[in-house]
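Before any comments, here is the structure.
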Amino acid sequence: MTQRHRAAVLGSPIAHSLSPVLHRAAYAELGLGEWTYDRFEVDEAALPAFLDELDGSWAGLSLTMPLKRAVIPLLDEVSDTAAAVEAVNTVVFTEDGRRLGDNTDIPGIAAALRERGVTSTASAAVLGAGATASSALAALAGICTGEVTVYVRSEARAAEMREWGERLGVAVRTEDWARAAEALTAPLVVATTPAGATDALAEAVPDRPGALFDVLYEPWPTPLAAAWSARGGTVLGGLDLLVHQAVLQVERMTGRAKAPLAAMRAAGEAALAARA
């Protein structure tokens with residue numbers, strides 16, 4: 001039987017991905033010298049053929065945009081977590097060749113917040129309405145006891161987020177992006193927008209902010225995160241999310257009970273510092 005020891009991250013664009021750094025650091029710490037982790041530029045059109053060409057040496061795949069939804073019809077089974085937001089970021093291959101899809105972003109967000117002492121919140125605000133925003137809503141479903149306000153740029157996006165709220169059991173209220181500064185008074189703010197989108201909000205950070213989870217990791221810190229930290233608020237960044245979801249991926253792909261969080265984070269920090 002072929003030993004499963006290969007993994008990779010797929011997406012387009014993919015050159016910027018830190019996933020190889022994190023997974024390889026985990027393999028080194030765990031003594032998995034035969035394991036390899038690579039990156040491949042793969043778009044939606046190329047994904048079916050890529051999957052079909054994989055042999056029995058493959059243990060799993062990490063998926064980034066634009067593949068998280070496109071992969072679902074190509075899988076044999078999808079976890080409840082991934083199905084809840086129609087997004088798969090992890091594929092694990094079984095001994096009999098089945099493809100199992102999962103989402104480690106959702107528990108990764110929850111684990112990152114828990115690490116920083118955020119285990120419950122009376123309300124929350126989400127900036128943006130893309131794929132990461134729906135994963136954030138799913139994570140908030142487990143810790144937010146009240147309403148989540150989502151700030152969006154279009155009514156179509158607003159309707160989508162309200163629908164996600166209904167599906168995930170989260171009380172969602174939507175507001176126009178023009179009022180996004182109001183989000184910063186929430187006890188927990190999750191920023192899921194592209195680089196630059198929240199820069200203008202930095203001046204609106206309150207004197208005593210709560211917790212900010214800004215999912216960007218490059219460039220870091222964002223102006224919003226820097227202003228938040230300067231006023232004494234709790235700040236989590238994209239590297240926190242990336243590391244915590246990668247820990248879960250390593251455990252699922254290798255079968256090891258505990259991936260080395262500290263070593264993976266240190267490797268990610270070193271890689272980002274080298275880029276800067």
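List the number of the failed condition for Pro194; all other conditions in (1) part of a helix (DSSP H, G or I); (2) within 30 Å of Ala7 (Cβ to Cβ); (3) more than 12 Å from the chain's Cα centre (by Cα) hold.
With respect to (1) part of a helix (DSSP H, G or I); (2) within 30 Å of Ala7 (Cβ to Cβ); (3) more than 12 Å from the chain's Cα centre (by Cα), Pro194 is out only on (1).
Could you list, ordered by first residue, the pairs with Cβ atoms under 9 Å in which the first is in the range 235-255 and outside any helix (DSSP H, G or I) and the second is open to solvent by 30 Å² or more (accessible area, probe 1.4 Å) and among the aromatic types (Phe, Trp, Tyr), at least 6 apart or interchain?
Partner pairs satisfying both residue conditions: Gly237/Tyr217; Gly237/Trp220.
Within the range 1-24, track down each residue that is polar (S, T, N, Q) and open to solvent by less than 40 Å² (accessible area, probe 1.4 Å). Lay out the reasoning, then the answer.
So in the range 1-24, the residues polar (S, T, N, Q) come out as 2-3, 12, 17, 19.
Matches in the range 1-24: Ser17, Ser19.
Filter the range 71-109 down to the residues that are part of a helix (DSSP H, G or I) and either open to solvent by 30 Å² or more (accessible area, probe 1.4 Å) or more than 19 Å from Ala136 (Cα to Cα) (or both) and list them by number.
Ile72, Pro73, Leu74, Asp80, Thr81, Ala83, Ala84, Pro107
Counting only residues that are out of contact with any Gly (no Cβ under 9 Å at 6 or more places or on another chain), of a type outside the set (Val, Ile, Thr), outside any strand (DSSP E or B) and open to solvent by less than 80 Å² (accessible area, probe 1.4 Å), how many does the range 148-176 have?
Final tally of qualifying residues: 9.
Please give the number of the condition Thr64 fails out of (1) open to solvent by 30 Å² or more (accessible area, probe 1.4 Å); (2) of a type in the set (Ser, Thr, Tyr); (3) more than 19 Å from Gly238 (Cβ to Cβ).
So Thr64 meets the others, but not (3).
I'd like the full set of residues that are assigned to a loop (DSSP other than H, G, I, E, B), over 20 Å from Gln245 (Cα atoms) and open to solvent by less than 20 Å² (accessible area, probe 1.4 Å), limited to the range 25-61.
Listed by number, the residues that qualify are Val42, Ser57.
Evaluate the following for Tyr37: is it at pLDDT 95 or above, farther than 22 Å from Ser135 by Cβ and within 20 Å of the chain's Cα centre (by Cα)?
yes
Pick from Thr121, Thr185: which is farther than 17 Å from Ala204 by Cβ and modelled with pLDDT of 95 or more?
Thr121
The values are calculated or read from the model by the stated rules, or taken from the named source; none is laboratory data. Computed from a predicted structure; not experimentally measured. With ideal geometry, Cβ positions are generated from the backbone for all residues, glycine too; neighbour counts draw on all protein chains shown. Calculation scope for accessible area: heavy atoms of the full protein, side chains included, ligands and nucleic acids excluded. Shrake-Rupley method; radii C 1.70, N 1.55, O 1.52, S 1.80 Å.
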